Structure formats: structure tokens, C-alpha cells
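Visitor: The structure is given below, and queries will be raised subsequently.
The values are calculated or read from the model by the stated rules, or taken from the named source; none is laboratory data. Nothing here was measured: the structure is a model prediction, and the numbers come from that model. In this analysis, Cβ positions are derived from the backbone assuming ideal geometry, glycine residues included, and neighbour counts consider all displayed protein chains. Only protein heavy atoms, including side chains, enter the accessible area calculation; ligands, DNA and RNA are left aside. Shrake-Rupley method; radii C 1.70, N 1.55, O 1.52, S 1.80 Å.
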Amino acid sequence: MSISAIQEEIVAEFELFDPENWDERYQYVIDLGKSLPLIDAKYKTDENIIKGCQSKVWLHADYEGGKVVYSADSDAILTKGLIAILIRSFSHQAPKDILEAKTDFIDRIGLKEHLSPTRANGLVSMVKQIKMYALAFSSKSEQQA
Amino acid sequence: MFNVQAIRADFPILTQTVKGKNLVYFDNAATSQKPKQVIEAIANYYETINANIHRGVHYLSQISTDRYEAARETIRKHVNAQHAFEIIFTSGTTHGINLVASGFEPLLNENDEILIGALEHHSNIVPWQFLAERTGAKLRVIPMLENGTLDLSSLSEILTEKTKVVAVNHISNALGTINPIREIIAAAHAVGAAVLIDGAQAAPHLQPDVQALDCDFYTVSGHKICAPTGSGFLYGKESWLNKMRPYQGGGEMIKEVTFEKTTYADLPHKFEAGTPNIEGGIGLGVALDYLNNIGFDKIAAQEQSLLEYATAKISAIDGARIYGPDTSHKTSVVSFNIEGVHPYDLGALLDKMGIAVRTGHHCAQPIMNFFDIPGTVRASMMFYNTFEEIDALVNGIEKAKQMLL
């Protein structure tokens, strides 16, 4: 499935929640945060850390069969839940598609404030880092081709 | 009798709803809200007397200069300084500390030491690190104890003839700890060191008497005491201010300028280069009048009641840990964590309930490192807060706990 199709799917899922009621949406993100498979302990290193002022994020990327596979973790559950959503959208995709993809679907699911630089939770830097990995893998694959 | 509802009526922002709920504002240690008297003073300044000060010969300039200097006198009286020229207008505490640290540069060398406390805000750490880098002086730290107070037992070892400056906060922003500054000032003076007190967190809760304290410098941020953002003041003893190098060069701070040499203006103008934040300074005077009209004894008593109530309520929450000393040794700050809950998660959920708290390291990372935590949730209260708001906070914490655990 394409990145935009996955993002539409996520938006459709969030539309099931009562828009007047923030609790349900947040509970869903929290539960996602609780269920996200942890990053392999060997990748939870200082090298992979993205330090936000408020919470920490660890991000690792592998390149498998022309697709980038991301795994990540955070010490805060809400951040981790957001990571789960971002990874669902970007992981197992081609570098070129990742580079072109947008994150404005986060606004549409009512979680925009968590992807704001003022939150300083590490997510904005994480999205940048996701793209950096894609860029690195795309130039690597061009060299090989 | 303390009529909190009458006081709240002075603060327009407190009447609004956030996310459909009544705003509960517990981030006062970050910045305070402003009473309408201050807001009106700013509007009035621009509507009627705006002009540059200390320069013009015209009517408006004379009035705005008079108002600005009247505010300086209000501040002088408030902190009981000997002279109005010992009050330097600043943009806030950070500015005041940088001004002093920079001014001391010619007075220090590589054999000297600078002493700060373990409870400092980054703004009372970094400027001294700059000074240490530039002069070769060594930066030393008064350690802290598990209860969030300074450990003065080693003071006689770390405070020596080599110490030239001691910089400590009156009250910790992260924990609310009231530091024993009289003791520190006396010990520092015994070895000939100058003492700067960072009063950013103290000024909202008490009235400092700089002569009784005998401190050499005392810095305050206007925005934390109901005054406009970007206003503030530094009190400095005349003798030190005369020895210090000016912080910034520019207009207003000079006596005579030639391309060969400039002689500086007299105090306080030597340290007030450029056009200042005029409406901010005037607003600061109005804010102090407002607070003194209520009375700092009443303010302190009300805030102590709020602190004790909040401490009892939050302590009763399962898994809660409050950092810092007991309520008799701190101001109205409750810095806490809930076991198994990241402070960011708790803060973000409280925000959804219309409750404003601060989360994170509070610009005091060494304290968080000491406790080995990523941060805390900090609820900081002012006299305009209510017991009902504390109940809302406690209910909010319980709800967040249910969602997160």
C-alpha cells in the first residue's frame, strides 16, 4: 500500500472517534504506544537517540529489498504512540516515496500539537531523521545501480 | 480577609475557557498573568505619552522620562535600595546575570574561582561558564542534598580567598526550595567575594530587602511579578557597579565619545545602553504598586495555604513523589512525578483538560540528573489561584493515571 493510502486509512480510523471527545483518541494513541514492539535493544544506543527537551526518541533504520524498515522507541507513551503511527505510514516503503511523503495527516487526526517544534518531544526531529535515512538509502541504491 | 474572587476579576485572562474548560493556570513560575491595571498602563503609555526618554526637550519626552524614573524609584523603595541609581532596568533576570558576569570579566583572572549552587537555573550557570572560559577562572558548585536543599556543610572548603563571585538563587525554580542566602552572603563576604542573588522565583512571593540581606546584586524578572514581558531590574551596590565594565555600548550610556576614547555615563545609565523597554519599566512600577497594594504578607499567607493544600492532595495520590523540601522551606511550587508515568505524558493529558503545568527539566538539568529523572511535572501557584483549581488538578492527575497505567 502507498504511503498516502496508509495515511488515509489512519485518518479513516480516527474518524470513528467522537470529535468532541479527546479522551478516546488519546486512549487509542496511548494503547498504540503500549503495544509498539520495542526497538531491538542493540539499537537503543546513544548514537540512535534523538533528544527532545521533553522526551527521548530512539530511531533505527534498515534497508531491505529496496524498502526502508524503521523501528523506534520513546520514554514517553504518547510520543511512542505517535511514533507507531509515523512508522506505520513510512516503514516498508521505497526511499523515494518516503522523501516525497507529507505528515499533514497528523493534523487531520487531531494530534498536530504533538508534531509541533514547541512541544520539543523529539518527534519533529524524528520525522527529519526518517527522511535523512531515506535520502541516505536512496543515494546508496543509485550508486549501486 | 483575602478575597480571591475580587483579585481574579483583575486578571482578564483567568476568566477564559481553554478547550471548553475553565482555564486552570499553574505555570506561574514560568510566567505570571497580568492584572488589568498593568495592561491599561501599557495601552495608556502608547495612547498618551509615548516618546523616547532622557533625550528629548519636548513635552512627551519629559512625561515619559518622569514616569520611567518614577518606576525606578518604586523599585528602589520596594527592595529598600539606598539609591535609585543602584537600580538598573533590564529585560529580565537572564539579562541581569549576564550583565554582572560580563562586567566582572576585567576583575577576574585564572587564579580566581566562581561559586554557584547546585539548584541553579541554566541562566545562572551558563553566563558564569562564559566568564570562566574568558578569564580562566574556575567554576565551583555548592552541592545539594537528597531533600533538594543546598549542602552548606562543605561551604568552608569550597568558599575560599580564591572565590571572587558567588551566584545563587534565592528560590529554586525547579523545586521551590528557599535557599539560606543570608548565611551564604555572610560567608562569602567573610572571604571578600561579591554575591549575586537570582531573585527571579523569590520576587513573586516575597519582598526582598537588599540592605538587610547585604547582597551585592539582586536580579528580578518583571514578567514573573505581574509586569510586562521583557521588563526587569538588577539591583547592584554602587561600589561594585562603578568597578564593573559596561555590558553593552551604545547611546545613553556615554558621557563623551570621540573615535579615540569614550567615557561612560554615570549610574545607572552606564548600564542602560540604547532605548529601553519604556512601557515595560513603567508597567513594572505599576505591577509592584498592585502587589504592594494587596500586601506581600497576605500574598505569602495565601500562597502558603495553597501550597499546603496542594502538597497534601498530591501526596495522597498513589505513586506520587514530590521533589524538594517540606512546605516550610519552599514557596508555592509542587514539583512531582507519578510512578510509571512520564512527565510529558501527564502534562500533555492535563493540557487536554485545560490545566496548564510545566513539564520537563525546567532549565535545571543538573537537578534532574541528581535525581536521575527525565524531568518533573511542576504546578506553581500564585495568590490568584484557588483551592478548587487544585482539586481540578488532582482529578486531572487521577484521570491521566487511569489512561496511562
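Visitor: Could you please let me know if B:ILE75 is surrounded by 20 or more Cβ atoms within 10 Å (Cβ to Cβ), touching a Lys or Arg at 6+ places or on another chain (Cβ under 6 Å) and not acidic (Asp, Glu)?
Guide: No: the conditions fail for B:ILE75.
Visitor: Moving on to the next point. Report yes if some residue within the range B:191-202 is assigned to a helix (DSSP H, G or I), surrounded by 19 or more Cβ atoms within 10 Å (Cβ to Cβ) and in contact with a helix residue (DSSP H, G or I) (Cβ under 6 Å, 6 or more places away or on another chain); otherwise report no.
Guide: no
Visitor: Wholly within the range B:213-273, which strands (runs of 3 or more DSSP E) include no fewer than the required count, namely at least 3 residues that are buried (at least 24 other Cβ atoms within 10 Å of the Cβ), in contact (Cβ under 8 Å) with a residue 60 or more places away in the chain and in the same structural domain as B:GLN201 (by TED's automatic domain parsing)?
Guide: Strands (runs of 3 or more DSSP E) meeting the threshold: B:217-221, B:232-236.
Visitor: Of the numbered conditions (1) open to solvent by less than 20 Å² (accessible area, probe 1.4 Å); (2) in contact with a helix residue (DSSP H, G or I) (Cβ under 8 Å, 6 or more places away or on another chain), B:ASN179 satisfies every one except a single condition; which is it?
Guide: Every listed condition holds for B:ASN179 apart from (2).
Visitor: Could I ask something else about it? Check B:THR359 against each of (1) within 14 Å of chain A (Cβ to nearest Cβ); (2) in contact with a Gly (Cβ under 7 Å, 6 or more places away or on another chain); (3) assigned to a loop (DSSP other than H, G, I, E, B) and name the one condition it does not meet.
Guide: (3)
Visitor: Then there's this: Identify all residues within the range A:5-35 that are over 27 Å from A:SER71 (Cβ atoms), more than 10 Å from chain B (Cβ to nearest Cβ) and in a helix (DSSP H, G or I); write none if there are none.
Guide: A:GLU24
Visitor: How about the range B:362-380: which of its residues are open to solvent by 10 Å² or more (accessible area, probe 1.4 Å), within 13 Å of chain A (Cβ to nearest Cβ) and over 12 Å from B:ASN173 (Cα atoms)?
Guide: Answer for the range B:362-380, where residues must be open to solvent by 10 Å² or more (accessible area, probe 1.4 Å), within 13 Å of chain A (Cβ to nearest Cβ) and over 12 Å from B:ASN173 (Cα atoms): B:ASP372, B:ILE373, B:PRO374.
Visitor: With respect to B:ALA81, is the statement that it is open to solvent by less than 10 Å² (accessible area, probe 1.4 Å), within 18 Å of B:ALA193 (Cα to Cα) and under 19 Å from the mean Cα position of the chain (by Cα) true?
Guide: Against the criterion (open to solvent by less than 10 Å² (accessible area, probe 1.4 Å), within 18 Å of B:ALA193 (Cα to Cα) and under 19 Å from the mean Cα position of the chain (by Cα)), B:ALA81 does not qualify.
Visitor: Can I ask one more? Report the residue count in the range B:293-308 for those that are touching a residue at least 24 places away in the same chain (Cβ under 8 Å) and closer than 16 Å to B:VAL79 by Cα.
Guide: Qualifying residue count for the region: 1.
Visitor: Count, please, the residues in the range B:174-200 that happen to be touching a residue at least 12 places away in the same chain (Cβ under 8 Å) and more than 26 Å from B:SER380 (Cβ to Cβ).
Guide: Here the count works out to 8.
Visitor: List, please: which pairs have Cβ atoms under 8 Å, are six or more places apart or on different chains, and start with a residue in the range A:121-133 that is at positive phi and end with one that is among the polar types (S, T, N, Q)?
Guide: Sorted first by the residue in the range A:121-133, then by its partner, the pairs are A:GLY122/A:GLN54; A:GLY122/A:SER55; A:GLY122/A:SER74; A:GLY122/A:THR79.
Visitor: Right, another one. Filter the range B:324-347 down to residues that are more than 24 Å from the chain's Cα centre (by Cα) and of a type in the set (D, E, K, R) and give me whichever is most open to solvent (accessible area, probe 1.4 Å).
Guide: The extreme case among them is B:GLU339.
Visitor: Then there's this: What are the pairs with Cβ atoms under 6 angstrom where one residue, in the range B:159-173, is within 18 Å of B:GLU105 (Cα to Cα) and the other, located anywhere, is open to solvent by less than 10 Å² (accessible area, probe 1.4 Å) and in a strand (DSSP E or B)? Sequence gap at least six, or different chains.
Guide: These pairs meet every condition: B:THR163/B:LEU115; B:VAL165/B:ILE114; B:VAL165/B:ALA194; B:VAL166/B:LEU115; B:VAL166/B:VAL195; B:ALA167/B:ILE116; B:ALA167/B:LEU196.
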